[in-house]
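Below: one structure, written as structure tokens.
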Amino acid sequence: MSQVDLFAQASSPETAASDWRSRVNWLHLQLHHHAHAYYVLDQPTIPDAEYDKLFRELEQLESEHPEIVSVDSPTQRVGGAPLPHFDQVQHAVPMLSINNGFSEEDILAFDKRLREGLKNDAQIDYACELKFDGLAINLRYINGVLTQAATRGDGSAGEDVTINIRTIRSLPLKLRTDHPPTLLDVRGEVLMFKADFAKLNQRQRDAGQKEFANPRNAAAGSLRQLDSKITAQRQLRFFAYGIGECEGATIPDSHTALLDWYQQLGIPVCEERAIKSGAAGLLEFFADISAKRSHLPYEIDGVIYKVNQHQQQQQLGFVSRAPRFALAHKFPAEEAITVVQGIDVQVGRTGAITPVARLAPVSVGGVTVTNATLHNEDEVKRKDIRIGDTVIVRRAGDVIPEVVSYVPERRPATVTEFVMPTACPVCGSTIARAEDEAVARCSGGWIKCAAQRKGGLLHFVSRRAMDIEGLGEQLVEQLVDKEIVTTPADFYHLELSTLANLDRMAKKSAQNVIDALEKSKATTLARFIYALGIRHVGESTAKELARHFGNLDALMAANEEQILAVNDIGPVVATMLLQFFADPLNRTLITQLRKAGVYWQDVEVVQQSLSLSGMTFVITGTLPNLKRDEAAQMIEAAGGKVAGSVSKKTSYVVAGEEAGSKLEKAQELGVTILDEAGLLILLEQQA
């Protein structure tokens, strides 16, 4: 019987806990199963924090009952067996893992233990670096040439991935020195940066292929490709952090000096490292990196502390599976395991209906989580999440917690499937889903549905819409929550005393808002159309509608055929416009806004004789004198259209400094590129 079969038949934690021998056996099966899924299959079934918890429990039981420690215990080895698809490589020096610390007490105890081991009351100098979330690798250089690369595997032997490692362009195939060591084993981590991971998943989506769950899985999957051409297409990186066997050179006397030496040899080393003294220094480094974490270009799950002096490292030595001189200080778990107690739906600011899992409370990343998003109906089905499931929940930084997957072996027979409701739970309107969209939406709109109201009102007052300065998110939320404002027309009936009595408002601030409201009454037809928040009608479309119809009454009276005659408007936008203007509530709102004093000058209907009619422009980078909005207005006044992305239909790209990817796309497609002077000449020629 396989280990997986044994795992499936193993008794539950509750049953096994009654006898410590049974508990030890159960922990063996659990840890072997999950280690195989994580290290060999790259398909983890439980969060790291759950695995660490089980591992620590087994360590505790073995310390209490040393007679039961066996050679096949998970505590006696590192990782899992190599994959059979690659040749096996025996490590000259074992690649051990590092013990973990989770609390301030763990760090203080680590420092105290080392000072006692060194019989030294003075503060120890530690090399502090990042704990990357990637794949550990040993690089073997013989006479300065990269000859072999192997994964950590089970610590004693790993997989030969040399041909794939050579595709990592940041790695030197030959060391940058005239006198290389005859043999050098460089230890480090292969990883994928966040931006490269996002691009890879976009390519996977475009190709209709399965996306990777996280950068670590993407890096591991890329490195284990049998076809190195696939690996070469994926942007992998490497950072060195240790050494194995070395001949023909003197190893530097400290860890910091070792990494400096690597840099001289051309081997990549992470710059986020420091030397700190004593436990207080370690905690200071941890706090500093914690604050930077979300801004780093790569994923990390903690930091590493190592005694800096190699002589002291040798004096401290090793335990069976890890060095005594090092510790991994892990961040609070960003993944945790819990139970789905129910699935409700939440109505977003745009009417999007999002299934939300109601969870048994669980701490994730130091925050108690009771709800987690399931994104949309298709995601619920794809992940097969059901009420009653045990699930893995992830929370990264300030990101809304999400359900990653369910744990198959913990699914009870009583689970029930989620059914998407047909009516909005807030306003009772029909929930509809367009054929080409993954998201279902409340059809009530922001004027009818209270859940969408704040978003609609914030859009109405935004800079590119009615441009009402001072009406920010906090103030609008107060006005809606206190039921002072329910429609945009209510803004124009606000009184100074009402605003001045709100939180964080004073008479001067309130007067500024009143003045901004009065100023906003004089607007343009395009801004007003855009401010109404009609679905799929963006700023550019609003301008096209204003130009084509000239006045709002003509637009409101238009039929589908007349709307489809507008430049770049298709059936979807036409349907949205017809539905919006057919709704009595929306017509009433427009009447109320006009009565409140909102006005605009009707515009002359655009004639096809305008000089830039039919031409599409894209503006990118910083222009020397004109603001991008000013340049866009000049182009539109001449009949041209300003788009946000470059395509084969683009007539001109107007490029300033730091133009970036849009300029590259234009060059690739052969689109004519203008600078600011060229644009002005074109406008003058066509005038």
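Taking a cut-off of 20 Å between Cα atoms, list the lysines near Lys627, but don't count ones fewer than 8 places away on the same chain.
Lys543, Lys641, Lys662
If one computes the Cα centroid of the stretch 88-160 and of the stretch 262-310, what distance in Å separates the two points?
For the stretch 88-160 versus the stretch 262-310, the Cα centre distance is 14 Å.
Considering the Cα trace of the stretch 203-291, what is its radius of gyration and what is Dmax, both in angstroms?
Using the Cα atoms of the stretch 203-291, the pair Rg, Dmax is 18.4, 52 Å.
Show which lysines lie in cross-link reach of Lys507 when reach means a straight Cα distance below 21 angstrom and same-chain residues fewer than eight apart are skipped.
Counting by Cα, and skipping residues close in sequence, Lys507 has these lysines nearby: Lys482, Lys519.
For the stretch 493-629, what is the Kirkwood estimate of the hydrodynamic radius, computed as the reciprocal of the mean inverse distance between distinct Cα atoms, to one decimal in Å?
17.5 Å
For the stretch 114-130, what does the Karplus curve 6.51 cos²θ - 1.76 cosθ + 1.60, with θ = phi - 60°, yield as ³J(HN,Hα) per residue in whole Hz, taken in order and with x for Gly and Pro?
Per residue, the Karplus-derived 3J(HN,Hα) values read 6, 5, 5, x, 8, 6, 9, 7, 6, 5, 8, 8, 10, 8, 10, 8, 8 Hz.
When the scattering of the stretch 481-545 is computed by the Debye formula from its Cα atoms alone, each counted once and equally, what is log10 I(q)/I(0) at q = 0.23 Å⁻¹?
Calculated log10 I(q)/I(0) at the listed q: -0.96.
Put +1 on the Cβ of each Lys and Arg and -1 on the Cβ of each Asp and Glu in the chain; which of Gln341, Ile142, Ala637 then has its Cα farthest toward the positive end of the dipole?
Ala637
Pairs Lys131/Lys174; Lys276/Lys330; Lys210/Lys383; Lys53/Lys276; Lys112/Lys276: which exceed 20 Å Cα-Cα?
Among Lys131/Lys174; Lys276/Lys330; Lys210/Lys383; Lys53/Lys276; Lys112/Lys276, the Cα-Cα distance tops 20 Å for Lys131/Lys174; Lys53/Lys276.
What list do you get for Arg224, Arg453 if you sort them by fewest beta carbons within 10 Å?
Ascending number of Cβ neighbours within 10 Å: Arg224, Arg453.
I'd like the Karplus ³J(HN,Hα) series for the stretch 341-351: coefficients 6.51, -1.76, 1.60, θ = phi - 60°, whole numbers in Hz, and an x wherever there's a Gly or Pro.
Ordered by residue, 3J(HN,Hα) equals 8, x, 10, 10, 10, 10, 9, x, 5, 9, x Hz.
Compute the helix-to-body angle for 20-35: its Cα long axis versus the longest principal axis of the chain, expressed 0 to 90° and rounded to tens.
In the chain, helix 20-35 runs at an angle near 60 degrees to the longest axis.
If each DSSP helix of 4+ residues adds -39,500 (n - 2.57) and the sum is divided by the residues in the chain, what number results at 222 nm, nearest 500 deg cm²/dmol?
Helices in the chain give a 222 nm mean residue ellipticity of -11000 deg cm²/dmol.
Averaging over all projection directions, find the projected area of the Cα convex hull of the stretch 273-324 and quote it in nm² with one decimal place.
4.6 nm²
What is the sum of charges, Lys and Arg at +1 and Asp and Glu at -1, for the other residues whose Cβ falls under 12 Å from the Cβ of Gln88?
-4
In what order do Leu623, Leu27 fall by count of nearby beta-carbon atoms within 10 Å, going from fewest to most?
By the 10 Å Cβ count, ascending: Leu623, Leu27.
Can you put Ser497, Ser228 in order, fewest other beta carbons within 10 Å first?
Placing the least packed residue first, the sequence is Ser497, Ser228.
Convex hull over the Cα atoms of the chain, averaged projected area in nm²?
Spelled out: convex hull of the Cα atoms, projected over all directions, averaged, 38.8 nm².
Assuming a viscosity of 1.567 mPa s and a temperature of 4 °C, what translational diffusion coefficient in µm² per second does Stokes-Einstein assign to the stretch 150-254, Rh being the Kirkwood radius over Cα pairs?
For these conditions, the coefficient is 84 µm²/s.
Can you list the aspartates and glutamates whose alpha carbon sits under 12 Å from that of Lys595, skipping same-chain ones fewer than 8 residues off?
In chain and number order, the partners are Asp490.
What's the angle, to the nearest 10 degrees (0 to 90), between helix 584-595's Cα axis and the longest principal axis of the chain?
Around 70 degrees separate the two axes.
Of all alpha-carbon pairs in the stretch 329-378, indicate the percentage at a distance above 14 angstrom.
57 percent
Return the long-range amide H neighbours of Val345 (sequence gap of 5 or more, or a different chain), with a cut-off of under 5 Å between placed amide H atoms.
Amide H neighbours of Val345, under 5 Å, 5+ apart: Val356.
Largest first and to the nearest Å, give the Cα extent of the stretch 94-195 along each principal axis.
Result for the stretch 94-195: principal-axis Cα extents of 46, 35, 30 Å.
All of the numbers you see were taken from the coordinates with simple rules; none came from a lab. Here the structure is a predicted model, which is why all the values come from computation and not from measurement. As a convention, Cβ positions derive from the backbone with ideal geometry for all residues, glycine included, and neighbour counts pool all protein chains shown.
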